[in-house]
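Input: one structure, supplied below.
The values are calculated or read from the model by the stated rules, or taken from the named source; none is laboratory data. Computed from a prediction, not measured in an experiment: that's the story for all the values here. Reconstructed Cβ throughout: ideal geometry from the backbone, glycine too, with neighbour counts over all protein chains shown. Note: accessible area is taken over every heavy atom of the protein model, side chains too, but ligands, DNA and RNA are not part of it. Shrake-Rupley method; radii C 1.70, N 1.55, O 1.52, S 1.80 Å.
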Amino acid sequence: MAPAPFTSKRAPAFADVPTEQWNDWHWQLSHRLNTVEEFEQVLRLTESERKALSTPGLFRVDVTPYFISRIDPDDPDDPIRKQIIPTAGEVDNFTGMMEDSLAEDRHSPVPGLVHRYPDRVLMLVTTQCASYCRYCTRSRIVGDPSQTFSRADFEAQIDYLKHTPQVRDVLLSGGDPLTLAPKLLEELLSRLREIEHIEIIRIGSRVPVFMPMRITSELTDMLQKYHPLWMNIHVNHPNEISQELADAADKLTRAGIPLGNQSVLLAGVNDCVHIQRDLVQKLVRIRVRPYYLYQCDLVEGAGHFRTPVAKGIEIIEGLRGHTSGFAVPTYVVDAPGGGGKIPLMPSYQISASDHKIILRNYEGYITTYEEPQDYKAHDPATCKYCQSKRMEPGQSGVSGMLDGEQMFIKPEGFDELHNRGGGQHRLRANSDKWKPLGIGDGNGDGDEQK
Ligand SMILES: *Cc1c(COP(=O)(O)O)cnc(C)c1O
């Protein structure tokens with residue numbers, strides 16, 4: 001027997017809307033709710049929500065009729081409600097708060113293109129979304145119709161990509177790329193596909209969640225012309241998984257688009273192991289693989305959503321081993337200041353010696369793994385993959401240290417501070433470079449730097 005179907009809901013206020021209109025994404029977009037009066041038709045607003053909605057300069061509010069219908073109108077703490085209806089907490093400042101907490105603007109060689117990792121870029125193609133998440137990490141630009149897609153920026157982005165051959169993966173985001181006019185979206189995809197070194201294209205979109213009716217056969221027919229294409233959606237709570245979302249995910253996966261999910265850890269929404277377990281299990285039922293669980297960013301407006309980092313560790317502790325391995329996302333902190341995503345997880349290693357490692361499993365069972373005593377080391381000199389690395393210098397990090405590219409990573413000012421001897425003594429480390437035996441010219445006969 002198949003598992004129980006998912007639910008489909010429509011708030012009483014929309015009972016008279018003809019089904020054809022309800023299922024038309026244009027209708028959903030043009031009937032979004034954004035004023036106190038409109039929300040009052042569907043929910044009984046709290047004092048805090050009322051106050052927030054009348055705050056000047058508030059981050060844009062807009063909710064599709066479909067998505068607001070999934071809220072329990074009588075529950076002021078409804079987990080969907082909290083994501084999209086502002087509350088007074090949104091205007092509170094907090095320690096560490098930043099406007100552009102991921103320093104994306106600083107990593108943009110051309111406007112709208114964030115190049116922070118060696119082989120992939122984030123391309124912000126619009127500032128518009130189908131509905132607006134209150135904790136938006138890009139609230140500095142998102143929602144502003146005057147800042148949306150610009151032809152000149154797009155040409156500059158394409159030009160940069162053409163001249164940057166190390167980029168093999170382009171991630172379209174925004175805003176939400178699936179809110180773009182269909183013609184424009186297709187033009188974007190086809191222009192990217194003209195660039196030979198771009199191997200994969202990814203779309204980050206919450207449209208399947210806010211407005212699943214947008215996932216039409218015409219859309220999937222168009223998308224599948226541009227394979228390999230991947231998509232990440234954004235679901236935070238099991239209540240968001242409707243029959244409509246399940247159908248949209250089915251259409252996308254049948255079109256050959258692998259689906260992942262990125263969720264954000266949010267206080268009062270999904271900061272609970274049991275909610276998260278239900279969420280990831282429902283996601284894999286609709287063939288969406290949990291990809292990342294994000295610690296909430298230090299962004300303006302999101303203070304009241306933040307949890308301690310330990311909450312994320314606790315959630316992963318409750319998932320790994322307790323449910324299907326592919327249902328467990330990677331928990332990440334997107335480093336403030338632009339350091340990128342940093343994965344965190346509980347520690348499963350208890351101790352180690354030169355030939356044993358002591359590990360514990362999810363149940364607390366503690367075991368010994370005997371390490372080989374006769375491991376024949378991999379030889380980079382005869383490995384063609386090692387010989388043809390496709391890395392930009394300076395970004396190989398700790399992996400590069402293991403590779404022998406460099407021996408140290410030093411904080412700024414380190415050399416100045418630690419060069420008090422002024423260089424007249426022989427006893428000092430005089431080079432960052434270190435060549436291990438067997439790589440490059442070093443033949444082990446003693447001419448390496450000492
Ligand atoms: C998240 C992100 C990516 C993609 O990272 P993956 O770990 O490959 O999913 C790329 N660029 C930027 C700037 C990002 O923030």
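Do you know which residues across segment 380-409 are open to solvent by 70 Å² or more (accessible area, probe 1.4 Å) and either in contact with a Phe, Trp or Tyr (Cβ under 6 Å, 6 or more places away or on another chain) or at pLDDT 85 or above (or both)?
Thr382, Lys384, Tyr385, Gln387, Val398, Ser399, Leu402, Met407, Phe408, Ile409 - these are the residues of segment 380-409 that are open to solvent by 70 Å² or more (accessible area, probe 1.4 Å) and either in contact with a Phe, Trp or Tyr (Cβ under 6 Å, 6 or more places away or on another chain) or at pLDDT 85 or above (or both).
Looking at (1) open to solvent by less than 20 Å² (accessible area, probe 1.4 Å); (2) aliphatic (A, V, I, L, M); (3) within 16 Å of the ligand (Cβ to nearest atom), which one does Leu124 not meet, given that it meets all the others?
Of the numbered conditions (1) open to solvent by less than 20 Å² (accessible area, probe 1.4 Å); (2) aliphatic (A, V, I, L, M); (3) within 16 Å of the ligand (Cβ to nearest atom), the odd one out for Leu124 is (1).
State whether the residues of segment 375-387 include one that is without any contact (Cβ under 8 Å) to a residue 40 or more places away in the chain, in a helix (DSSP H, G or I) and assigned by TED's automatic domain parsing to the domain that holds Arg116.
No, the conditions are met nowhere in segment 375-387.
Let me ask something else. Residue check: is Leu171 modelled with pLDDT of 95 or more, within 20 Å of Leu252 (Cβ to Cβ) and either assigned to a loop (DSSP other than H, G, I, E, B) or away from the ligand (no atom under 14 Å from the Cβ) (or both)?
For Leu171, the condition - modelled with pLDDT of 95 or more, within 20 Å of Leu252 (Cβ to Cβ) and either assigned to a loop (DSSP other than H, G, I, E, B) or away from the ligand (no atom under 14 Å from the Cβ) (or both) - is not met.
Select from segment 208-248 the residues that are closer than 26 Å to Arg277 by Cβ and acidic (Asp, Glu) and write down the one among them that is most open to solvent (accessible area, probe 1.4 Å).
Of everything passing the filter in segment 208-248, Asp247 is most open to solvent (accessible area, probe 1.4 Å).
Looking at segment 175-187, can you tell me whether even one residue there is within 16 Å of the chain's Cα centre (by Cα) and away from the ligand (no atom under 16 Å from the Cβ)?
no
Quick one: would you say Gly325 is under 24 Å from the mean Cα position of the chain (by Cα), without any contact (Cβ under 8 Å) to a residue 24 or more places away in the chain and assigned by TED's automatic domain parsing to the domain that holds Val284?
Spelling it out, Gly325 is indeed under 24 Å from the mean Cα position of the chain (by Cα), without any contact (Cβ under 8 Å) to a residue 24 or more places away in the chain and assigned by TED's automatic domain parsing to the domain that holds Val284.
Let's see how each residue does on (1) more than 16 Å from the ligand (Cβ to nearest atom); (2) in a loop (DSSP other than H, G, I, E, B):
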residue	(1), (2)
Asp77	yes, yes
Gln83	yes, no
Gly89	yes, no
Ala103	no, yes
Pro118	no, yes
Cys129	yes, yes
Arg138	no, yes
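Among the residues of segment 249-295, write down those that are in contact with a Lys or Arg (Cβ under 8 Å, 6 or more places away or on another chain) and open to solvent by less than 10 Å² (accessible area, probe 1.4 Å).
Hits for segment 249-295 are Ala249, Gly260, Asn261, Leu265, Leu266, Val269, Leu283.
Within the group Pro56, Pro109, which residue is open to solvent by 40 Å² or more (accessible area, probe 1.4 Å), farther than 24 Å from Phe14 by Cβ and without any contact (Cβ under 8 Å) to a residue 24 or more places away in the chain?
Among Pro56, Pro109, only Pro56 is open to solvent by 40 Å² or more (accessible area, probe 1.4 Å), farther than 24 Å from Phe14 by Cβ and without any contact (Cβ under 8 Å) to a residue 24 or more places away in the chain.
When segment 150-185 is examined, which residues are found to be closer than 23 Å to Glu218 by Cα and open to solvent by 50 Å² or more (accessible area, probe 1.4 Å)?
Passing the criteria: Ala181, Pro182, Lys183.
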